[in-house]
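Undergrad: I'd like to ask you about the structure that follows.
The values are calculated or read from the model by the stated rules, or taken from the named source; none is laboratory data. Predicted, not measured: the structure shown is a model, and the values here were computed from it. Quick reminder, even Gly has a Cβ in these numbers, built from the backbone with ideal geometry, and neighbours come from all protein chains shown.
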Amino acid sequence: MGRVNFRAKVLTGHLKNHHNPTPYLLLMTRCVNYSPPELSEPPPDFNTKSLRKLLDGDSVDEIDYIFNLMIQSDLFCPGKRGGKVFISPDYNRSMEHQREMTMRRIDYLRERGVFDGWLTRKGPGAELSGFTRIITFGVFDHSLGIKLGVHFSLWGGAIQFMGTKRHHDKWLKPTEAYEVKGCFAMTELGHGSNVRGIETITRYDATTQEFIISTPCESAQKYWIGGAANHATHAVVFSQLNMNGVNQGVHAFIAQIRDTSGNTCPNVRIADCGHKIGLNGVDNGRIWFDNLRIPRENLLNLVADVSPDGQYLSAIKDPDQRFAAFLAPLISGRVTVAAGSMNITKASIAVRYSLSRRAFWVRPNEPEVLLLDYPRHQRRLLPLVAKTYALSFASEYLKKIYAKRTPESVKTVHVVSSALKATLTWHGMRTLQECREACGGQGLKTENHVGHLKSEFDVQLTFEGDNNVLMQQVSKALLKEVLAAKRRNKPVRGLGLEHLNKPAPTIPSCLTSSTLRTTQFQTGIFCLRERDLLHRFETEVSKREAHGECIDSIFTVTYQTAEDLGRAFSDRLILQTFLDIEATVQAGSLKNVLGLMRSIELRPHVLALVTSFGIPDAVLGPIAFNWIDANAWSSVEDNTSLFPFFTTPPDLCLSVPHISRDKDNYRHCCICHPPPSG
Ligand SMILES: Cc1cc2nc3c(=O)[nH]c(=O)nc-3n(C[C@H](O)[C@H](O)[C@H](O)COP(=O)(O)OP(=O)(O)OC[C@H]3O[C@@H](n4cnc5c(N)ncnc54)[C@H](O)[C@@H]3O)c2cc1C
C-alpha cells in the first residue's frame, strides 16, 4: 500500500508540474555559478607537500624550477582565461610552426643553462636529473620532451653507453651545447620491432680505414627518425656489419647527415615522414645512405671493434649476447617513456572539473548534483587517481634501479622497464580517454589539455618497444628465470619472484571488507595470480616442446598466457613498490590515505590528492578553474584586444625574459615583454 501511495504521489507531482511548470522554470532561470572546489571540499587532512615529496623525491625543486622557467617565457604561449594565465603548446598551428617553436624553446632552455652537465656530469643523481628534465618538459608539451629525449637520451645515451673515451671526448660536450644535434636511426621501413632484421649494410674499407654505409633497398630506408627531417646534424645509425662477406650482426655508427648550415651531406638523402596524428613538434624523417663513408673511429665500439687492418674484435663471441649488449643502452629511453606517461595533469583537470561541474537535480530546491558525487563518476575517476599514484611510485622505483644499475642488475632493469613501460603507457592512454569523456564536451577543446593529448601520447604505446612485444619479452624472461633455478635446483632469486620459493598463499574462505583491505590479502592474491600464470605458461611451453615444436613458434601460440603473465608480474611489482613506499611513512593521516588508495576509498581526499601532484595551475587547462569566466563574453573581448589565446605572435617570440637559476629570483622576473619597437 505504501508503495502505491508513493507512486501516486510521484505521478501527481509530475502532472502538477506538467500543467504548472513555474517551479522548474524558476529553478532553471537561476544562473550557474562557478565555485572553486577548495570552498566546498574538506581541507586536506594530510600534508600535501609530504605526499608530493613521496612522489617526486629529491626532484621537487628541479621540477618547480623548470615549470617556472616555462611559465615565465612568452615562448610558451601564455594566455589569459577566467582571470588566470595558462601556458600551452601550439597544437592549433601548422606542423612547421610547431617544429620551429620546439627548437626555439630548446634554444631558450639551453641559453638558461638547463642542459649544462646533462651528459658530462656523472653518477645516479645526474641520470635522475636527466629523466626529471625530459619528463617535466613533456608535461608542457610531449614534442618538447621527446625532441630532447631523442637528442640527450637516445643519441647522447648511445654515445655514452655504446661508445668509448674517444667518442665521449669528441661528442658529449657539443651535444650538451646543442651544437651537434643528434638523432637515433634504428627503425627502418621494413623492420621496427624486429631490430635484428634491419637491412642497412656497413662494410669496411681497410685501404682508407673507413666504413661505408648503404641502404640496399627501399625497405632499408631509416624511418620515423626523430629530428632527422629538419634539424639533426648527426645520427647514430644501426646497421648490419658485413666484414669480408661475414655478417657480424647489428652495430651502431656515428654518421654526419647535415653540415652546420643545415645542408644535407653528400651521399645522404633525407625526406620528411610528414604530418602525424600528434607529436607534430618533432620532425620525424627518413634517411637513405648512398655508400656514405665514415671514419673507422665512428663505430661505437664498447662491445665490438674493427682494427685498422680490418680484424673484427669482440670479447662477446655469442651473437645473441652481443646483440643484447648492443641494445642495453636503449633502456634509458624506455624508462623515460614509462615515467613520462603518467598524465597526472589530465587526472587533475578532470577531477577539478568534476568538483565544480553539476548536472541534473536529484532533489527539488537543491543544487544540481556535482559530477563527482555520482557514484558512476567516482568509479570512473577515483581508481585512475589511485592507480596513477601507484604507477608513479613504480616509475620512481624504475628510475632509481636504472640510475643505480650494475652489470649484475641490468637484466632486472631490462625486464622491469619493459613491463612498466607497457603498463604505464597503457594506463596513460586509458586515463586520457576516461578523462576526456568525464569532461564531456569541454574535454574535446584543445585548450583544455585533455582530449587532444590522446593523439599526442598515443605513440608511447609503440616507440621505445611496442607494448605487446615488450610484454612477450617479459614473460619469456620470467620463464627463463624459473627454469634456470629449477635446473640448478636452487631457489628463484630476483625480479621479486622469491615468493615462488614459499608455499602458495591461502585465500581466506570468508572475505570480509576488512580482510580485503589488508596488505597481506592484497599481496597474497597478486602473488597467487603470478604464480598460477607462470605455472600455466611453463606447462604449455614444456608440453609443446615435448611434441617437438620449436621454441619460437611455441611463443607465438602461447601469447595469451604470456601477456596475462606479463601483466600479472607488472601488477605485483607495482603493488610491492606501493607497499614499500607506504612502509616508509610514519603512522598518521598520510599513511592512512595511502592505505585508502589501495582500497580506492578516496572521495573526501580527492582534491588534496590531485593538488599533491604539484602541477602548477598555469599548466592545467581553463576547465580546471573558473570555466564560466573563461568562457564569458568578456574573455572573447579580451582575446581580441590581446593576442589570440594559445598562439605566439612572432615578434613576442623573440623577446624572452632572463631568468636566474636562483629559485627565489625567478619569481620576480616579468612575464610579458613588449614587442620590440619598429
Ligand atoms: C612518432 C614516432 C617516432 C619514432 N621515433 C623513432 C626514432 O627516433 N628512432 C627510431 O629508430 N625509431 C623511431 N620510431 C620507430 C618505433 O620505434 C617503431 O615504430 C616501433 O619499434 C614499432 O615498429 P613498427 O612501426 O615497424 O611496427 P611493427 O614492428 O611492424 O609492429 C606492428 C604491429 O605488429 C605487432 N607485432 C610485431 N611483432 C610481433 C610479434 N612477434 N608478436 C605479436 N605481435 C607483433 C606489434 O605489436 C604492432 O602492433 C618512432 C616511431 C614513431 C611512430
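Undergrad: Name the single residue, out of those in segment 171-200 being among the acidic types (Asp, Glu) and more than 25 Å from the chain's Cα centre (by Cα), that is surrounded by the most Cβ atoms within 10 Å (Cβ to Cβ).
TA: Here the residue is GLU199.
Here is a yes/no grid of residues against (1) among the aliphatic types (A, V, I, L, M); (2) over 30 Å from LEU370 (Cα atoms); (3) touching a strand residue (DSSP E or B) at 6+ places or on another chain (Cβ under 9 Å):
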{"residue": "LYS502", "(1), (2), (3)": "no, yes, no"}
{"residue": "PRO508", "(1), (2), (3)": "no, yes, no"}
{"residue": "LEU511", "(1), (2), (3)": "yes, yes, no"}
{"residue": "VAL557", "(1), (2), (3)": "yes, yes, no"}
{"residue": "VAL593", "(1), (2), (3)": "yes, no, no"}
{"residue": "GLU601", "(1), (2), (3)": "no, no, no"}
{"residue": "LEU607", "(1), (2), (3)": "yes, no, no"}
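Undergrad: Looking at ILE106, ILE134, ILE87, ILE146 in this structure, which one is touching a strand residue (DSSP E or B) at 6+ places or on another chain (Cβ under 7 Å), buried (at least 19 other Cβ atoms within 10 Å of the Cβ) and within 29 Å of ILE623 (Cα to Cα)?
TA: Step by step, each of ILE106, ILE134, ILE87, ILE146 is checked, and only ILE146 is touching a strand residue (DSSP E or B) at 6+ places or on another chain (Cβ under 7 Å), buried (at least 19 other Cβ atoms within 10 Å of the Cβ) and within 29 Å of ILE623 (Cα to Cα).
Undergrad: Select from segment 443-453 the residues that are surrounded by fewer than 20 Cβ atoms within 10 Å (Cβ to Cβ) and either within 15 Å of the ligand (Cβ to nearest atom) or not assigned by TED's automatic domain parsing to the domain that holds LEU420 (or both) and list them in ascending order.
TA: Answer for segment 443-453, where residues must be surrounded by fewer than 20 Cβ atoms within 10 Å (Cβ to Cβ) and either within 15 Å of the ligand (Cβ to nearest atom) or not assigned by TED's automatic domain parsing to the domain that holds LEU420 (or both): there is none.
Undergrad: Can you name the residue in segment 545-576 that is more than 16 Å from the ligand (Cβ to nearest atom) and among the hydrophobic types (A, V, I, L, M, F, W, C) and is also nearest to the chain's Cα centre (by Cα) among such residues?
TA: It comes out as ILE574.
Undergrad: Same structure, new question: Name the pairs whose Cβ atoms lie under 9 Å apart, with the first residue in segment 467-481 and of a type in the set (Val, Ile, Thr), the second part of a helix (DSSP H, G or I) and near the ligand (Cβ under 10 Å from one of its atoms), and 6 or more positions between them or separate chains?
TA: Pairs that qualify, where the first residue is of a type in the set (Val, Ile, Thr) and the partner is part of a helix (DSSP H, G or I) and near the ligand (Cβ under 10 Å from one of its atoms), are VAL474/ALA562.
Undergrad: Anything in segment 484-518 that is in a helix (DSSP H, G or I), touching a helix residue (DSSP H, G or I) at 6+ places or on another chain (Cβ under 7 Å) and modelled with pLDDT of 95 or more? List them, or say none.
TA: Residues satisfying the conditions are LEU497, HIS499, LEU500.
Undergrad: Out of segment 266-312, which residues are over 22 Å from GLY138 (Cα atoms) and out of contact with any Phe, Trp or Tyr (no Cβ under 9 Å at 6 or more places or on another chain)?
TA: Going through segment 266-312, the residues over 22 Å from GLY138 (Cα atoms) turn out to be 266-272, 286-312.
Residues satisfying the conditions are PRO266, ASP272, TRP288, PHE289, ASP290, ASN291, GLU297, ASN301, SER307, PRO308, ASP309, GLN311.
Undergrad: Separate question: Does segment 434-485 hold any residues that are of a type in the set (Gly, Ala, Ser) and at positive phi, and which are they?
TA: If the condition is that a residue be of a type in the set (Gly, Ala, Ser) and at positive phi, then GLY440, GLY465 are the ones that fit.
Undergrad: Which of the residues that make up segment 575-622 are outside any helix (DSSP H, G or I), small (Gly, Ala, Ser) and at pLDDT below 95?
TA: If the condition is that a residue be outside any helix (DSSP H, G or I), small (Gly, Ala, Ser) and at pLDDT below 95, then GLY614, GLY621 are the ones that fit.
Undergrad: Go through (1) within 13 Å of the ligand (Cβ to nearest atom); (2) out of contact with any Gly (no Cβ under 9 Å at 6 or more places or on another chain) one by one and return the number of the condition HIS251 breaks.
TA: (1)
Rundown of residues vs (1) over 23 Å from LEU189 (Cβ atoms); (2) more than 13 Å from the ligand (Cβ to nearest atom), yes/no style:
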{"position": "GLY226", "(1), (2)": "no, no"}
{"position": "ALA229", "(1), (2)": "no, no"}
{"position": "ALA235", "(1), (2)": "no, no"}
{"position": "ASN244", "(1), (2)": "yes, yes"}
{"position": "VAL268", "(1), (2)": "no, yes"}
{"position": "GLY274", "(1), (2)": "no, no"}
{"position": "VAL282", "(1), (2)": "no, no"}
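Undergrad: Exactly one condition in (1) part of a helix (DSSP H, G or I); (2) more than 15 Å from the ligand (Cβ to nearest atom); (3) in contact (Cβ under 8 Å) with a residue 24 or more places away in the chain; (4) not aromatic (Phe, Trp, Tyr) is false for ASP320; which is it?
TA: (3)
Undergrad: Looking only at segment 335-372, filter to residues that are basic (Lys, Arg) and buried (at least 24 other Cβ atoms within 10 Å of the Cβ); which one of those is farthest from VAL250 (Cα to Cα)?
TA: Checked segment 335-372; the qualifying residue farthest from VAL250 (Cα to Cα) is ARG352.
Undergrad: Of all residues in segment 590-627, count the ones that are farther than 30 Å from PRO78 by Cα, surrounded by 15 or more Cβ atoms within 10 Å (Cβ to Cβ) and among the polar types (S, T, N, Q).
TA: Number satisfying all stated conditions: 0.
To keep it simple, each residue is scored yes or no on (1) assigned by TED's automatic domain parsing to the domain that holds LEU575; (2) under 18 Å from GLY157 (Cβ atoms); (3) free of Cβ contacts under 8 Å to residues at least 60 places away in the same chain.
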{"residue": "LEU372", "(1), (2), (3)": "yes, no, no"}
{"residue": "PRO375", "(1), (2), (3)": "yes, no, yes"}
{"residue": "GLN378", "(1), (2), (3)": "yes, no, no"}
{"residue": "LYS387", "(1), (2), (3)": "yes, no, yes"}
{"residue": "ALA403", "(1), (2), (3)": "yes, yes, no"}
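Undergrad: Quickly run through segment 257-303 and pick out the residues that are of a type outside the set (A, V, I, L, M, F, W, C), in contact (Cβ under 8 Å) with a residue 12 or more places away in the chain and assigned to a strand (DSSP E or B).
TA: ARG258, ARG269, ASP272, ASN284, GLY285, ARG286, ARG293, PRO295
Undergrad: With respect to LEU292, is the statement that it is among the aliphatic types (A, V, I, L, M) and modelled with pLDDT under 95 true?
TA: For LEU292, the condition - among the aliphatic types (A, V, I, L, M) and modelled with pLDDT under 95 - is not met.
Undergrad: Of (1) surrounded by 21 or more Cβ atoms within 10 Å (Cβ to Cβ); (2) under 30 Å from GLN586 (Cβ atoms), GLU41 satisfies all except one. Which?
TA: Status for GLU41: all satisfied but (1).
Undergrad: Please verify whether segment 495-511 includes one or more residues that are in contact (Cβ under 8 Å) with a residue 24 or more places away in the chain and within 15 Å of the ligand (Cβ to nearest atom).
TA: No, the conditions are met nowhere in segment 495-511.
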